[in-house]
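Everything below concerns the one structure shown next.
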């Protein structure tokens, strides 16, 4: 690791990692990540694994169905580290 990177990681008050707890559920080809992130709160991440058996169109429909069923209207784009101001 370059010396500048090591120094940046050692700066006081700057966390080195995002602390989270993740529970993982699976529905068809969709991974449902239930995250509790220290300093941010609770999040749900949906990840569809596209394959010949589960093409993109079907995967997108499944994600949309889950979003609607769970009443999720607000999507968050940045990473947890960006939200915490680590980047």
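Read the figures in this text as sums done on the coordinates, not as results from a lab. No experiment lies behind these values; they were computed from the predicted model shown.
Remind me, what semi-axes does region 18-83 give for its equivalent ellipsoid, largest first in whole Å, using sqrt of 5 times each Cα gyration tensor eigenvalue?
Values: eigenvalues 111, 32, 24 Å².
Taking √(5λ) for each eigenvalue gives 24, 13, 11 Å, largest first.
Starting from 0.36 nm per residue, how many nanometres of slack lie between residue 84 and residue 49 once their C-alpha separation is accounted for?
9.8 nm
Using 0.36 nm per residue of separation minus the Cα-Cα distance, give me the extension gain between residue 40 and residue 70 in nm, one decimal.
8.8 nm
In nm, what is the difference between 0.36 nm times the number of residues separating residue 56 and residue 32 and their Cα-Cα distance?
Taking residue 56 through residue 32 to full extension adds about 7.0 nm, to one decimal.
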